[in-house]
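The structure appears below as structure tokens.
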Amino acid sequence: MRLRLTPRETSFYDMFATAADNLVTASKLLTELLGAEVSGRPEIAERMRAAEHAGDDATHAILRQLNLSFITPFDREDIYTLASQIDDVMDYMDEAVDLVVLYQLDELPAQIADQIEVLVRAAELTSEAMPRLRTMKDLTEYWIEINRLENQADQIHRKLLAHLFSGKYDALTVLKLKGIVDALEEAADGFEHVANTIETITVKES
């Protein structure tokens, strides 16, 4: 058994768990947005903005600790990548909510609910998986399911685009709605990037 002379900094695990929990909060705000009156959307956007700021704080805390730590629990580059990818997911969800408010759309396509349902599930899975980074065990089903969800999100996105370009909407509304559904699709892609990075970390550490 190899003797470790310098203990590894383990606070990263807690910080990643906090950042992932914040994604669950954001995904639930997306769900709340769907059922809200137009007049209630700005308040939800404010709470999403607060969640996005909390996400930024979590990312900065991880990067700050990375700069202070001599020995890390896994590769420094992977820590940086994972923190950045979690932050990206949060940014895309915040962008989607912000665009809904800024564009002042009276009604959203019903299929957007399918996109958000995928994001809620992906956020929950990511939050549940993050504490298991400590042991690097029981993570295979997590990244397999996230990849399946991302494939599902791709299909939903393509159907949404077909709906937007069906002639039901005027050109300006199409552009506005496309910005929103594209941001939600980017969030789904982001969850897959997080899962792929966790898979990479697990393989390296096994």
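Annotation: lysines with alpha-carbon distance below 16 angstrom to LYS159 (same-chain offsets under eight excluded): LYS168, LYS178. Can you find, among LEU102, PHE165, THR140, the residue sitting farthest towards the positive end of the charge dipole of the chain, where Lys and Arg contribute +1 and Asp and Glu -1 at Cβ? It is THR140.
On a straight-distance basis, which lysines could pair with LYS137 in a cross-link, Cα separation under 24 angstrom, same-chain partners fewer than 8 positions away excluded? LYS137 reaches LYS204.
Derived scalar couplings between HN and Hα for region 167-181 equal x, 6, 10, 6, 4, 5, 5, 4, 4, 5, 5, 4, x, 6, 5 Hz in order, rounded to whole Hz, by the Karplus curve 6.51 cos²θ - 1.76 cosθ + 1.60 (θ = phi - 60°), x for Gly and Pro. Note on the chain: with charges restricted to the Cβ of Lys and Arg (+1) and Asp and Glu (-1), its dipole about the Cα centre is near 580 debye. When shorter helices are ignored and each DSSP H run of at least 4 residues is given -39500 (n - 2.57), the per-residue value for the chain at 222 nm works out to -27500 deg cm²/dmol. When the P(r) is computed for the chain, the part past 20 Å accounts for 57% of the Cα-Cα pairs.
Every read-out reported here was derived from the displayed coordinates using simple, explicitly stated rules and does not represent laboratory data. All values reported here derive from a predicted model rather than from experimental measurement. All Cβ positions, glycine included, derive from the backbone under ideal geometry; neighbour counts span all protein chains shown.
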